[in-house]
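In what follows, a single structure is set out as structure tokens and then discussed.
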Amino acid sequence: MAFQGVQCYGPFWEHVLGYWKASLEQPEKILFLKYENPKEEVNFHVQALTVFVGCPFSVDEESRGVIEEISKLCSFDHLKIWEVNKSGVENANTIYFRKGKVGDWRNYLTSSFSDNLEKL
């Protein structure tokens, strides 16, 4: 069912594809990021996000290392230590924080499942 886009929260692939297409048509209104993008170039994407929301960093903030500091505060290693991110009421937040590694899906998905995802 997952390959058909059937999820408990609705048609996942249609939902994502709709936002991706809209981001191409209106890049000034919709910022579409994949997990790997900010993971690979954190500071670049932090700065791009501030420009997108209309609050770019000043030259002074850039020279004082504010971008790097925000990147550290938003890092996986920093966020996973907060107690609020370790527990939840309905669904434990531990499902949101595993390792924070690109490609870690290989530890959870079979080769055939991955092949089917690639065909989507």
Worksheet item: Using r as the Cβ-Cβ distance of Glu68 and Val102, and R0 as 22 Å, what FRET efficiency do you calculate, to the nearest 0.05?
Response: 0.60
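Exposure proxy check: Tyr9, Tyr108, Tyr19 ranked by fewest other beta carbons within 10 Å?
Working: Tyr9 6, Tyr108 9, Tyr19 13.
Result, fewest neighbours first: Tyr9, Tyr108, Tyr19.
Would you compute, from DSSP H runs of 4+ residues alone, the mean residue ellipticity of the chain at 222 nm, taking -39500 (n - 2.57) per run and dividing by the full residue count, rounded to the nearest 500?
After summing the helix terms and dividing by residue count, I get -12500 deg cm²/dmol.
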Worksheet item: How much length is gained on full extension from Trp13 to Asp60, taking 0.36 nm per residue of separation minus their Cα-Cα distance?
Response: 12.7 nm
Worksheet, complete the sentence: Projecting the Cα atoms of Ala22, Val59, Leu120 onto the charge dipole of the chain, where Lys and Arg contribute +1 and Asp and Glu -1 at Cβ, the residue farthest towards the positive end is Leu120
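Let me spell out the model: positive unit charges on the Cβ of Lys and Arg, negative unit charges on the Cβ of Asp and Glu, origin at the Cα centre of the chain. What dipole size does that give, in debye rounded to 20? Mind showing how you got there, number by number?
Numbers: 13 positive and 17 negative charges, 90 e Å.
With only Lys, Arg, Asp and Glu charged at Cβ, the dipole is about 440 debye.
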Worksheet entry | Farthest positive-ward along the stretch 18-120 dipole, Cα basis, beta-carbon charges - from Leu109, Gln47, Leu31 | Leu109
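State, as an integer percentage, the relative contact order of the stretch 34-102 based on alpha-carbon contacts under 8 Å between residues 6 or more apart.
On the way: 36 pairs, mean separation 15.5, N = 69.
Relative contact order here is 22 percent.
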Discussion item. Whole-Hz ³J(HN,Hα) for each residue in the stretch 32-46, computed from phi via Karplus 6.51 cos²θ - 1.76 cosθ + 1.60 with θ = phi - 60°, x for glycine and proline: what do you get?
Written reply: 10, 10, 9, 3, 5, 4, x, 5, 7, 9, 4, 4, 4, 6, 4
Worksheet, complete the sentence: Rg (one decimal) and Dmax (whole number) from the Cα set of the chain, in Å, equal 17.5, 51
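None of the figures in this text is laboratory data; all of them are computed from the coordinates on show. If you're wondering where the values come from, they're calculated on a predicted model, not measured in any experiment. Please note: Cβ atoms are built from the backbone with ideal geometry, for glycine as well, and neighbour counts cover all protein chains shown.
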